[in-house]
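Structure, as structure tokens:
The values are calculated or read from the model by the stated rules, or taken from the named source; none is laboratory data. Model, not experiment: these values are computed from the prediction. Positions of Cβ are backbone-derived with ideal geometry, glycine not excepted, and every protein chain shown enters the neighbour counts. When the accessible area is computed, the model is the full protein with side chains, heavy atoms only, and any ligands, DNA or RNA have been set aside. Shrake-Rupley method; radii C 1.70, N 1.55, O 1.52, S 1.80 Å.
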Amino acid sequence: MQTRLLVISIFLLLSGLTLYGVYHGNFSPETSGILANLGTGFIGTVTTVLVVDWLYELRENKRLMPKRIVAQEDVRLLVARIYTFWFQAYMASVPGELPKTIDELVSDESINKIRNNLDMNSTPNVSPRMNWWQYLPMVLHDFKNLADRILVRHSETLDPEAYHMVNQLAHAAMDPNVSSAIRQSDIEFGFPRPQVLGNFVIIVDEYFPTMLKLLNWCNKEAKKINRLTDSQAMAIDKNLIGNRPDGMPQCMIAPEELARQLMELEKHRNAGLAAAGVAAYVPKNQRTNDAARKLP
């Protein structure tokens with residue numbers, strides 16, 4: 001696009017200079033005739049470039065449009081699955097009013113509420129029945145696989161910006177194996193880590209902003225597709241609607257249980273500090289005896 005505009009600008013500039021010389025320059029009739037021919041030739045070149053480029057763009061759009069439609073739909077499904085998962089997690093674990101929009105849902109405040117309230121030992125509303133220890137890695141693996149599939153399937157169709165954002169969601173996002181690794185380490189070393197989501201999942205700063213940018217790209221691409229074809233590419237509605245039973249959410253950790261786990265963690269830390277203090281302290285008479293044993 002930039003190269004095309006540069007070429008057109010150069011020829012328009014040359015045609016303007018030559019035609020200006022015809023009417024305002026002090027040239028002979030022969031020279032003025034040559035300049036006039038050059039000027040009209042430059043204008044003809046610009047016209048030819050525009051027409052040929054327009055026809056080529058129409059042909060390329062027609063050829064690539066089916067691929068663009070499929071790529072946009074795959075990206076839309078990826079984004080929809082990600083924000084749907086986090087909205088379900090919010091409804092299942094955070095009390096009070098629900099977020100009204102996707103932007104509100106993925107804000108730092110809302111995500112931190114999920115991280116601080118979701119009980120990893122609870123059971124989400126999914127089938128087959130499983131707890132969050134099983135469900136979380138499975139969902140994160142699914143997101144990564146979907147993104148990787150888009151990168152392979154649409155490498156020649158997605159524009160560079162969208163391709164880069166999908167790659168970020170695939171490889172600069174949450175590691176599906178982190179929660180299981182942390183849990184296994186806690187079991188082996190007897191560390192009483194509170195069993196809430198925030199202690200077992202790592203969310204990079206770019207993850208949700210990238211998801212929002214990809215959502216906006218998806219909606220813009222849907223508008224372009226619908227304007228150029230008879231297809232009805234689907235956009236993503238940023239408004240959220242959710243319903244849940246009254247009372248404490250089913251996957252929210254009970255306040256008394258969280259308090260008990262935090263107390264266990266405090267006891268563990270105090271015991272560790274006490275053990276470290278005893279190990280570091282050596283009585284004076286013991287140090288004297290040790291020094292005496294080193295004498296010849």
Whichever residue in segment 129-174 is surrounded by fewer than 16 Cβ atoms within 10 Å (Cβ to Cβ) and of a type in the set (D, E, K, R) and, among such residues, is modelled with the lowest pLDDT = GLU156
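The rows are residues; the columns are (1) more than 24 Å from VAL166 (Cα to Cα); (2) open to solvent by 30 Å² or more (accessible area, probe 1.4 Å); (3) in a loop (DSSP other than H, G, I, E, B); (4) aliphatic (A, V, I, L, M).
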{"site": "ARG193", "(1), (2), (3), (4)": "yes, yes, yes, no"}
{"site": "VAL201", "(1), (2), (3), (4)": "no, no, yes, yes"}
{"site": "MET211", "(1), (2), (3), (4)": "no, no, no, yes"}
{"site": "LYS220", "(1), (2), (3), (4)": "no, yes, no, no"}
{"site": "ASP230", "(1), (2), (3), (4)": "yes, yes, yes, no"}
{"site": "GLY242", "(1), (2), (3), (4)": "yes, no, yes, no"}
{"site": "ASP246", "(1), (2), (3), (4)": "yes, yes, yes, no"}
Per the list (1) touching a strand residue (DSSP E or B) at 6+ places or on another chain (Cβ under 7 Å); (2) under 29 Å from ARG260 (Cβ atoms); (3) surrounded by fewer than 16 Cβ atoms within 10 Å (Cβ to Cβ), residue check on ASN112 breaks on (1)
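Would you check if VAL126 is of a type in the set (A, V, I, L, M, F, W, C), loosely packed, with under 15 Cβ neighbours inside 10 Å and free of Cβ contacts under 8 Å to residues at least 60 places away in the same chain?
Working: of a type in the set (A, V, I, L, M, F, W, C): yes; loosely packed, with under 15 Cβ neighbours inside 10 Å: yes; free of Cβ contacts under 8 Å to residues at least 60 places away in the same chain: yes.
Criteria met by VAL126.
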Counting only residues in segment 106-123 that are out of contact with any helix residue (DSSP H, G or I) (no Cβ under 6 Å at 6 or more places or on another chain), touching a residue at least 12 places away in the same chain (Cβ under 8 Å) and of a type outside the set (Gly, Ala, Ser), the one nearest to PHE143 (Cα to Cα) is identified as ILE111
